[in-house]
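Colleague: Sharing a structure here in structure tokens format.
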Amino acid sequence: MFNYWLIKSEPTTYSIDQLKRDGFSTWEGVRNFQARNYMRDVMKVGDLALFYHSNEKPPGVAGVCRICKEAFPDFTAWNPESPYYDPRATSEKPIWVMVEVEFVEKFPSLVTLDTLKRHPELQDLYILRSRSRLSIIPLEKKHFEIIRALGRQEARLLHVQ
DNA sequence: GCCAACGTTGGC
DNA sequence: GCCAACGTTGGC
């Protein structure tokens, strides 16, 4: 039984296009306990995740990736040179974890936050709450599939709606 | 263990 | 660039 996720990244930091080029990538730098716990305790190899571009105009879901390696220590936390440095973390007590994701698909058109907000079946989602800050968000399968179906539509069809 | 202050996220 | 929301910290 797989889980479904939405994971956020600022495309200036790491985008779906970079993941497509790279094929797979570590997902480091998560510095929120709830998000860490989801990665550490729940995420499994094979889980699918929507790749959300935050802090972009417009923000939205850009594609899909798959978890290909389960949680392991986020070593960027104990590197003073890293923007994700956390002086409390050590190799003995890593505090933070990361996973690895692999590229699955890029949608022909971004599913914008605005589109999600307008969709009648997506009204209760955490990501639609104003300034929801969690960067790793569990989704129900049906919500994942609705959003993926929106993403797979041609851009021109979305504009007609 | 409460809660004010602070820092960050992220839509606008 | 603004600023509301909210997770986290730290004084008490």
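Colleague: Over segment A:1-89, one equal point on each Cα, no solvent: what is log10 I(q)/I(0) by the Debye formula at q = 0.13, 0.25 Å⁻¹?
Modeller: Here log10 of I(q) over I(0) equals -0.46, -1.42.
Colleague: Per 0.36 nm of contour for each residue apart, how much would the distance between A:GLU121 and A:ILE95 grow if the chain were fully extended, relative to their Cα-Cα spacing? Please list the in-between numbers first.
Modeller: Values: separation 26, 0.36 × 26 = 9.36 nm, distance 3.69 nm.
Computed gain between A:GLU121 and A:ILE95 is 5.7 nm.
Colleague: Another one. Once you compute Rg and the Kirkwood Rh from C-alpha atoms, what is the Rg to Rh ratio for chain A?
Modeller: On the way: Rg = 15.9 Å, Rh = 16.2 Å.
Rg divided by Rh gives 0.98.
Colleague: May I pose another question? Rounded to the nearest whole Å², what accessible area per residue is found for segment A:24-161 with the 1.4 Å probe?
Modeller: Details: 7810 Å² over 138 residues.
Averaged over the residues of segment A:24-161, the accessible area is 57 Å².
Colleague: Something else about it: Could you state the principal axis extents of the C-alpha atoms in segment A:12-58, from the largest down, to the nearest angstrom?
Modeller: That works out to 30, 23, 16 Å along the principal axes.
Colleague: How are the Cα pair distances of segment A:58-131 distributed, in percent, across 5 Å bins from 0?
Modeller: Reading the bins upward from 0: 3, 14, 14, 12, 14, 16, 14, 9, 3, 0.
Colleague: Follow-up question, since we're still on this one. Quick one: net charge around A:CYS65, please, counting Lys, Arg +1 and Asp, Glu -1 for every other residue with C-beta under 9 Å from its C-beta.
Modeller: Details: positive: A:ARG66; negative: A:GLU102, A:GLU105.
My count for the surroundings of A:CYS65 gives -1.
Colleague: Another question, if that's okay. Find the centroid of the Cα atoms in segment A:91-143 and in segment A:59-80, then give the distance between the two in whole Å.
Modeller: Taking the Cα centre of segment A:59-80 as reference, the centre of segment A:91-143 is 13 Å away.
Colleague: For the pairs A:LYS44/A:LYS141; A:LYS57/A:LYS141; A:LYS20/A:LYS141; A:LYS20/A:LYS106; A:LYS20/A:LYS44, note any where the Cα-Cα span goes beyond 18 Å. Can you show the working numbers first?
Modeller: Details: A:LYS44/A:LYS141 15 Å; A:LYS57/A:LYS141 27 Å; A:LYS20/A:LYS141 23 Å; A:LYS20/A:LYS106 8 Å; A:LYS20/A:LYS44 21 Å.
Result: A:LYS57/A:LYS141; A:LYS20/A:LYS141; A:LYS20/A:LYS44 exceed 18 Å.
Colleague: A follow-up question, please. Identify the trypsin sites (Lys or Arg not before Pro) of segment A:66-144 meeting these criteria: DSSP loop state and at most 16 other C-beta atoms within 10 Å of the C-beta. Walk me through the numbers before you get to the answer.
Modeller: Values: sites: A:ARG66, A:LYS69, A:ARG88, A:LYS106, A:LYS117, A:ARG118, A:ARG129, A:ARG131, A:ARG133, A:LYS141, A:LYS142; in loops: A:ARG88, A:ARG129, A:ARG131, A:ARG133.
Passing sites in segment A:66-144 are A:ARG88, A:ARG129, A:ARG131, A:ARG133.
The values are calculated or read from the model by the stated rules, or taken from the named source; none is laboratory data. For clarity, every value in this text was computed on a predicted model and none was experimentally measured. Glycine also receives a Cβ, built like all others from the backbone with ideal geometry; neighbour counts cover every protein chain displayed. SASA here: full protein model, heavy atoms, side chains in, ligands and nucleic acids out. Shrake-Rupley method; radii C 1.70, N 1.55, O 1.52, S 1.80 Å.
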